[in-house]
1. Does Gly47 satisfy being free of Cβ contacts under 8 Å to residues at least 40 places away in the same chain, touching a Lys or Arg at 6+ places or on another chain (Cβ under 6 Å) and more than 30 Å from Arg192 (Cβ to Cβ)?
2. Applying the selection to the range 237-262, what residues are in a loop (DSSP other than H, G, I, E, B) and in contact (Cβ under 8 Å) with a residue 12 or more places away in the chain?
3. Of the residues Gly47, Gly91, which is over 18 Å from Pro4 (Cα atoms), modelled with pLDDT under 85 and exposed (fewer than 11 other Cβ atoms within 10 Å of the Cβ)?
4. Part of a strand (DSSP E or B) and either crowded, with 20+ Cβ neighbours inside 10 Å or modelled with pLDDT under 90 (or both): which single residue out of Leu285, Leu323, Leu298 fits that description?
5. For Gly273, indicate whether it is in contact with a strand residue (DSSP E or B) (Cβ under 9 Å, 6 or more places away or on another chain), touching a residue at least 24 places away in the same chain (Cβ under 8 Å), assigned by TED's automatic domain parsing to the domain that holds Asn224 and assigned to a strand (DSSP E or B).
6. Only one of Ile221, Ile234, Ile211 is free of Cβ contacts under 8 Å to residues at least 60 places away in the same chain and not basic (Lys, Arg); which?
7. Please indicate, with yes or no, whether at least one residue in the range 119-130 is of a type outside the set (S, T, N, Q), closer than 30 Å to Leu338 by Cα and in a helix (DSSP H, G or I).
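The values are calculated or read from the model by the stated rules, or taken from the named source; none is laboratory data. All values derive from a computational prediction rather than experimental measurement. Using ideal geometry, Cβ is built from the backbone for each residue, glycine included, and neighbour counts are taken over all protein chains shown.
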Amino acid sequence: MSNPIEQVRDEALQTLEKAKDSKTLGDWRSKYLGRRGAVAKLFGEIGALPQAERAAFGRQVNALQSELNTAFEQREALIQSHALALDLEEGEIDISLPAHPRRRGGLHPSTRTHREFQAIWADMGFHVYQSRDVEEDDLNFTLLNLPPHHPARDMQDTFYTADSRVLLRTHTSPGQIRAMRDLGDGGSKPIRVILPGMCYRQEQITARSEIQFTQVEGLAIGRNIRMSDLKGTIAEFAKRMYNPKAKVRFRASYFPFTEPSMEVDVECFLCSGEGCRVCKYTGWLEIAGSGMVHPTVLRNGGYDPSEWSGFAFGMGPERITMLKHGIQDIRYFWSNDLRFLQQF
């Protein structure tokens, strides 16, 4: 009674040894272990056997089925392992080959100038203070000594929100009040900060003016700070930013939040003062407005102007970037034109 079982067993195992891929292996399983396979047929023969032989025959067929299932699983694992090894070998990556170059972007020219500013001022003891773009009218104007009917307000066409007390800041100067109030500890601590950020003015867009631009405000508050401190600080900045031998000149000016006030010019770094088209043949380039902090502004920031003094300055990174690189149109900074940006 064991002959047909042994015959199926020997034939199945020999055929299984020849299976080299998943398709052949699947066909083998159907032939021997499928619903109509050789083992299933052996189970079907049990009913035709004498009663006394059925149990023994059934145990042998069950043992055969278990043996063939185990053999199938082992062969399947071997074929899968071989296929994986072959795939790894054929798809081997030579890690010594150079990778595909990844295109990297560059810093915006205005950002480059901002970082130069911040590095220089940090080296001189100033830290960055971030102030908000959306401001209150009081901080943008009134607390900076520009009351509602002050004529200087007409110089800054302002973007107001639906609430007339809220606006897009026209300059970074309202950050002075916030910095004094946040860092001054009630007017008892000296501070030294720069305030970089975006400004907004409702102006006609031309090659020389935009409705948005960046500024870098500087503020130093302490005891016995004098105009000579401001002049020396600005002169040192010009030397580090432009040229170790850069010459600086100061011109009297007017800003409501400083008194006295002055404009700062640096000797043209393109023509070394000889006169060129960029400096309009004067030999000088305007780089900043500055002055001693007005006592009213100090008081509004929480400081007693009889004990404390300070200086402030404001610079336009876009203007300086235009001068350094000979850029003729300020609109390039915000147009997102890759032909312009890729030059930097």
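1. Values: free of Cβ contacts under 8 Å to residues at least 40 places away in the same chain: yes; touching a Lys or Arg at 6+ places or on another chain (Cβ under 6 Å): no; more than 30 Å from Arg192 (Cβ to Cβ): yes.
No.
2. Those that are in a loop (DSSP other than H, G, I, E, B) and in contact (Cβ under 8 Å) with a residue 12 or more places away in the chain: Tyr242, Asn243, Ala246, Lys247, Pro256, Phe257.
3. Working: Gly47 fails: over 18 Å from Pro4 (Cα atoms).
Checking each option against the conditions leaves just Gly91.
4. After ruling out the rest, the residue left standing is Leu285.
5. Criteria not met by Gly273.
6. Ile211
7. There is at least one residue in the range 119-130 that is of a type outside the set (S, T, N, Q), closer than 30 Å to Leu338 by Cα and in a helix (DSSP H, G or I).
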